[in-house]
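Please read the structure below before turning to the comments.
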Amino acid sequence: MPHPGWSNFSFDGIGTRWEISTPDQLAPVLTGELLAAVEAYDTTWSRFRADSLVARLSRGPGSITLPDHATGLQELYATAYRLSDGAMTPLIGSSLERLGYDASYSLIPTGAAQAPPRWEDVLEWTGTTMTAKEPLVVDIGAAGKGQLVDLLGGILRGAGLDDFLVDGSGDMLHSGAHPVSVALEHPYNPRQAIGTVELDNAALCASAANRRAWDDGLHHVLDGTTGKPVHTTVATWTMAASALVADGLATALFMVDPAPLEKEFEFSWLRVSSTGSAAFSSGFEGRLFT
């Protein structure tokens with residue numbers, strides 16, 4: 001709960017836990033609208049559902065028409081793909097499935113790590129139109145949860161609410177006159193924090209190798225040029241005006257040095273390497289524990 005006395009609306013969606021905190025309890029019609037938005041996002045983008053829109057592309061070549069919000073997602077992915085030389089890609093799904101992070105969450109690898117097809121060879125994605133030249137497993141997990149945080153925030157603002165905190169299991173969007181202090185989870189011990197940061201009318205997102213890890217050294221942050229998990233970085237935090245940008249760049253920082261990203265996006269960041277050292281931007285105004 002970000003502030004004493006605030007109301008908390010909690011629910012499960014897109015495979016994770018959500019909490020929306022507001023000064024007053026949300027009306028049933030508004031909670032219904034929020035839940036419908038989450039379900040609509042899941043039925044569009046989830047590679048874990050056979051009935052999702054993108055799942056059609058996994059069964060064969062073809063085109064799909066996506067909601068309007070796909071344009072912002074495409075623009076972010078296109079930039080991250082370019083800056084990472086293909087390491088961050090929306091086609092990483094096949095590599096994740098091969099390593100066991102599949103629709104049934106088997107967590108049992110079916111073969112050695114393998115890079116997905118190159119975006120430019122097999123997929124055309126322009127705004128709300130996505131066309132696959134062969135069966136493809138689309139996975140927008142690097143930025144999708146952040147975008148959904150933004151969409152829920154937009155619904156709250158549309159209902160006239162100015163004070164709120166949307167928290168999608170650590171991907172947050174804050175609005176209002178009362179900043180919140182957020183603990184930065186220790187990448188090796190979720191019961192400890194490595195520091196705190198104040199969130200004030202902005203988004204804060206994190207990516208960590210320990211959040212979805214299995215087998216021997218396998219986790220969900222893969223390099224799209226190899227299909228292998230990234231092991232040089234263990235955790236990142238980013239702050240930006242939108243959770244879409246913050247979430248996408250939290251993943252991109254596993255694969256790209258901050259400088260090229262800072263030329264394209266306005267954000268601040270903290271990155272923890274596998275050696276235990278931490279680096280951060282001048283704009284990331286937090287407190288690290290020693």
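The values are calculated or read from the model by the stated rules, or taken from the named source; none is laboratory data. Because the structure is predicted, anything quoted here is derived from the model rather than measured. Cβ sites come from the backbone with ideal geometry, for glycine too, and all protein chains shown count toward neighbours. Calculation scope for accessible area: heavy atoms of the full protein, side chains included, ligands and nucleic acids excluded. Shrake-Rupley method; radii C 1.70, N 1.55, O 1.52, S 1.80 Å.
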Within the stretch 43-53, can you find the residues that are under 19 Å from residue 150 (Cβ atoms) and either in a loop (DSSP other than H, G, I, E, B) or open to solvent by 30 Å² or more (accessible area, probe 1.4 Å) (or both)? 43, 46
Subset tally (residues that are modelled with pLDDT of 80 or more and either open to solvent by less than 20 Å² (accessible area, probe 1.4 Å) or assigned to a strand (DSSP E or B) (or both)) for the stretch 191-214: 14
Does residue 236 meet the test of being modelled with pLDDT of 90 or more, outside any helix (DSSP H, G or I) and under 17 Å from the mean Cα position of the chain (by Cα)? yes
Checked against (1) farther than 18 Å from residue 252 by Cβ; (2) assigned to a loop (DSSP other than H, G, I, E, B), residue 156 satisfies every condition except (2)
Filter the stretch 79-102 for residues that are open to solvent by 50 Å² or more (accessible area, probe 1.4 Å) and modelled with pLDDT under 95; which is farthest from the chain's Cα centre (by Cα)? 98
Kindly indicate whether residue 285 is charged (D, E, K, R), in contact (Cβ under 8 Å) with a residue 24 or more places away in the chain and more than 21 Å from residue 186 (Cα to Cα). no
Within the stretch 18-37, considering residues that are open to solvent by 10 Å² or more (accessible area, probe 1.4 Å) and among the β-branched types (Val, Ile, Thr), the one farthest from residue 163 (Cα to Cα): 29
Based on what the data block shows, is residue 232 under 16 Å from residue 88 (Cα atoms), touching a strand residue (DSSP E or B) at 6+ places or on another chain (Cβ under 7 Å) and open to solvent by 60 Å² or more (accessible area, probe 1.4 Å)? yes
Can you tell me which residue in the stretch 272-290 is modelled with the lowest pLDDT, limited to those that are part of a strand (DSSP E or B) and open to solvent by less than 50 Å² (accessible area, probe 1.4 Å)? 286
Checking the structure you have, find out if any residue of the stretch 134-146 is over 30 Å from residue 199 (Cβ atoms) and open to solvent by 40 Å² or more (accessible area, probe 1.4 Å). yes
List, please: which pairs have Cβ atoms under 8 Å, are six or more places apart or on different chains, and start with a residue in the stretch 25-40 that is within 12 Å of residue 152 (Cα to Cα) and end with one that is in a helix (DSSP H, G or I) and open to solvent by 50 Å² or more (accessible area, probe 1.4 Å)? 37/151
Looking only at the stretch 239-256, filter to residues that are closer than 13 Å to residue 92 by Cβ and aliphatic (A, V, I, L, M); which one of those is least open to solvent (accessible area, probe 1.4 Å)? 252
Please verify whether residue 7 is at pLDDT 95 or above and either farther than 30 Å from residue 182 by Cβ or surrounded by 15 or more Cβ atoms within 10 Å (Cβ to Cβ) (or both), treating the condition exactly as stated. no
Checked the stretch 103-130 for anything open to solvent by 30 Å² or more (accessible area, probe 1.4 Å) and in a helix (DSSP H, G or I); matches are 120, 121
